[in-house]
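The values are calculated or read from the model by the stated rules, or taken from the named source; none is laboratory data. Quantities reported herein were computed from a predicted structural model and do not represent experimental measurements. Here Cβ is always computed from backbone atoms with ideal geometry, including for glycine, and neighbour counts include all displayed protein chains. Protein only, heavy atoms only, side chains kept; ligands, DNA and RNA dropped before computing areas. Shrake-Rupley method; radii C 1.70, N 1.55, O 1.52, S 1.80 Å.
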Protein chains: 2
Amino acid sequence: MTLPETPKGTGEWLRGEGPEVDIVISSRVRLARNLSGYRFRNSCDREENRRINDTVRSVVISANLGEDLIYYELEPMNMIERDYLVERHLISKEHAEAEGPRGVAICSGEALSIMVNEEDHLRIQYLQSGLKLSETWDAINRVDDLLSERLDFAFSPTLGYLTACPTNVGTAMRLSVMMHLPALEWTKQLRKVFKAVSKMNLAVRGLYGEGTRASGDFYQISNQVTLGKSEGEIIAIVDSVVRQIVRYERKVRQALLTQNRPNLEDRIWRAHSMLKGARIISSEETMSLLSSLRMGVNMGVVKDISIKTLNELFLETQPAHLQKSHGREISVRERDVMRASLVRKRLAEN
Amino acid sequence: MTLPETPKGTGEWLRGEGPEVDIVISSRVRLARNLSGYRFRNSCDREENRRINDTVRSVVISANLGEDLIYYELEPMNMIERDYLVERHLISKEHAEAEGPRGVAICSGEALSIMVNEEDHLRIQYLQSGLKLSETWDAINRVDDLLSERLDFAFSPTLGYLTACPTNVGTAMRLSVMMHLPALEWTKQLRKVFKAVSKMNLAVRGLYGEGTRASGDFYQISNQVTLGKSEGEIIAIVDSVVRQIVRYERKVRQALLTQNRPNLEDRIWRAHSMLKGARIISSEETMSLLSSLRMGVNMGVVKDISIKTLNELFLETQPAHLQKSHGREISVRERDVMRASLVRKRLAEN
């Protein structure tokens, strides 16, 4: 199968609008849900997985979640297509690499995605640009309500929602706020920040979630506790911690501007030049340079490039995006040449 | 004292014209001469040094060596002015840092310089752009003849010219060919080349002679033997070895173009971008980037920059040149900012 072409510039992640969006890329809420009457995913055989996938698919398609909803079966997809969805934060790496009948529903301009037969039977995810935890919670809550009308979710009056992994039991809700923290990274203050964050029982992860490296100075802050606190309490804690980090990153940026402007400008303009000059460039280096440039645009040092263009480049330069746009598998070496060419072209358009 | 302003773009070193000039920056011949009736410089007291300096100065000024001849006394100069002359290859670092009455005559658009009271009483140096050892030898020979008519040089019928250091006795002639060898450096073949060179009794030195590092992939090839061979024989050997290295560097450049073009272009364009983007840049990094860019222009990869501009930048970005052009001593940090600004300006003019 081939994925329907996703138009450039769509995707909630890319919009670059919303509160604190210079530092907070996106707010995501994820709910884990399981159907009662079925075993958890890790105990199912193929047949049971198929039935779960079929059941959820037909409900999701008919639940009026959004006009643009498409349900993708993952089994027939090749790895480039699966990785493409991972790069767009629509499915997890585990979901891409798993086996058996499973799928993902994508809807509302990629703001909503529902993974079926990931670790849990359903992983509902709603993502919005900027710091918008309450709004995102309201949005996913409506989705959850619509699905609850049609599906019988495993729920314990004492524990809350039941999940395949006990760490998710309770609200089964995970908030993730994707932050761009180049100034804290540059001034080596991230360790201190993350130490404080973990004392609040929040986790810090890289760009693509658990176990991934922090490319391009992007970090995800998320809650670890799902039991014993209401959704509203968890949202309040995460929101408050994120706002503190935002203030800290802003303070450090301001200090760089006033106390270390030549170094700051040197770093930003070198990144800009490198992106325009390179003929061969890795994904990792691209992320790192785009990160410096993104900070430069947000700080008003670079004026003729939009954040939207940079956000799009962060995504379009990823391996699967490059390969999908060329319609074939491409070697790492060839990708590095294509990536450099794409970046030059897009920055020249600006 | 203040040096008379040396107009930009003058200086034989900068012309960028002559045979094999893409690889051979300059050919230099240096003759060591001492006055009979005086002790060698290292055994002289201040008074004797003064008399030698006075004697040679008056002869040099009256010997019709060239209309533009100026004699500079080094003692009253500050270190910036002395280093400025070192950076222009008109005096040695040792001459700049020594004490006592001493000077330098500069003439023929900086092609000819005569250091007085360096290691020897006279060090006559003639430098031309490109590979021109015979022509340069002819030119310095005429200077030597003119001076010999007026000065009594210490000469032994059996040994030849007598010099302060026994390694120079005989012809007292040292040839130095400045080569730009980025492709051999990049492909790690320089060690092999230099091993072969030293088997021919030739020495390899960095940009500013003995004991200096090879900045910007510039290397000086020079003869070590001055005794037992005629000037013509020495010239023939150096010329032949240099031509072999030129062929080798060209062959490697061609191989890079045909076999590794994306990497080559990546290196060259990154250098170009970095020079245009940097807001703070060290002398060392500037040399290295200019070196890649110079190769790129010579190989036709970069088209809108002249070799003359690059040669000038190699010089104008040196610490003493920067300070002299601003008329004051400047901290390393401030120089790095000024250097970046100068490079951007000059490359934008192109």
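Annotations for the structure displayed:
- When A:N201 is tested against (1) on the phi > 0 side of the Ramachandran plot; (2) free of Cβ contacts under 8 Å to residues at least 12 places away in the same chain; (3) of a type outside the set (A, V, I, L, M), only condition (2) is not met.
- Picking from residues in the stretch A:172-186 that are of a type in the set (A, V, I, L, M, F, W, C) and in contact with a helix residue (DSSP H, G or I) (Cβ under 6 Å, 6 or more places away or on another chain), the one that is surrounded by the most Cβ atoms within 10 Å (Cβ to Cβ) is A:V177.
- B:M295 falls short on exactly one of the conditions (1) within 12 Å of chain A (Cβ to nearest Cβ); (2) in a helix (DSSP H, G or I); (3) under 16 Å from A:R279 (Cβ atoms), and that condition is (1).
- Filtered residues of the stretch A:256-285 (kept if polar (S, T, N, Q) and either within 7 Å of another protein chain (Cβ to nearest Cβ) or touching a Cys at 6+ places or on another chain (Cβ under 9 Å) (or both)): A:N263, A:S273
- In the set (1) closer than 27 Å to B:G18 by Cα; (2) assigned to a helix (DSSP H, G or I), B:I305 fails one condition alone, (2).
- In the stretch A:74-98, the residues that are outside any helix (DSSP H, G or I), touching a residue at least 24 places away in the same chain (Cβ under 8 Å) and farther than 18 Å from A:I124 by Cβ: A:E75, A:P76, A:M77
- Some residue of the stretch A:168-182 being away from every other protein chain (no Cβ under 14 Å), more than 30 Å from B:A340 (Cα to Cα) and part of a helix (DSSP H, G or I): yes
- Whenever a residue of the stretch B:139-162 is on the phi > 0 side of the Ramachandran plot, its partners that are open to solvent by less than 20 Å² (accessible area, probe 1.4 Å) and not hydroxyl-bearing (S, T, Y), lying with C-beta atoms within less than 6 angstrom and at least six residues away or across chains, give the pairs B:G160/B:G170.
- In the set B:V238, B:V252, B:V169, B:V225, only one residue is among the aliphatic types (A, V, I, L, M) and open to solvent by less than 10 Å² (accessible area, probe 1.4 Å); that residue is B:V238.
- Flag if A:I70 is open to solvent by 30 Å² or more (accessible area, probe 1.4 Å), assigned by TED's automatic domain parsing to the domain that holds A:L127, in contact with a strand residue (DSSP E or B) (Cβ under 6 Å, 6 or more places away or on another chain) and not charged (D, E, K, R): yes
- For the stretch B:268-303, filtered to residues that are among the charged types (D, E, K, R) and out of contact with any Pro (no Cβ under 9 Å at 6 or more places or on another chain), the residue that is surrounded by the fewest Cβ atoms within 10 Å (Cβ to Cβ) is B:K303.
- When A:T163, A:T158 are checked against the criterion of being among the polar types (S, T, N, Q), surrounded by fewer than 21 Cβ atoms within 10 Å (Cβ to Cβ) and more than 21 Å from A:V238 (Cα to Cα), a single residue qualifies: A:T158.
- Of all residues making up the stretch A:23-50, the number that are open to solvent by less than 20 Å² (accessible area, probe 1.4 Å), touching a residue at least 60 places away in the same chain (Cβ under 8 Å) and in a helix (DSSP H, G or I): 1
- Selection of the stretch A:99-143 for residues being out of contact with any helix residue (DSSP H, G or I) (no Cβ under 9 Å at 6 or more places or on another chain), open to solvent by 20 Å² or more (accessible area, probe 1.4 Å) and of a type outside the set (K, R) yields A:E135, A:D138.
- Subset of the stretch A:311-348 (residues that are open to solvent by less than 20 Å² (accessible area, probe 1.4 Å), in contact (Cβ under 8 Å) with a residue 60 or more places away in the chain and not in a helix (DSSP H, G or I)): A:Q318
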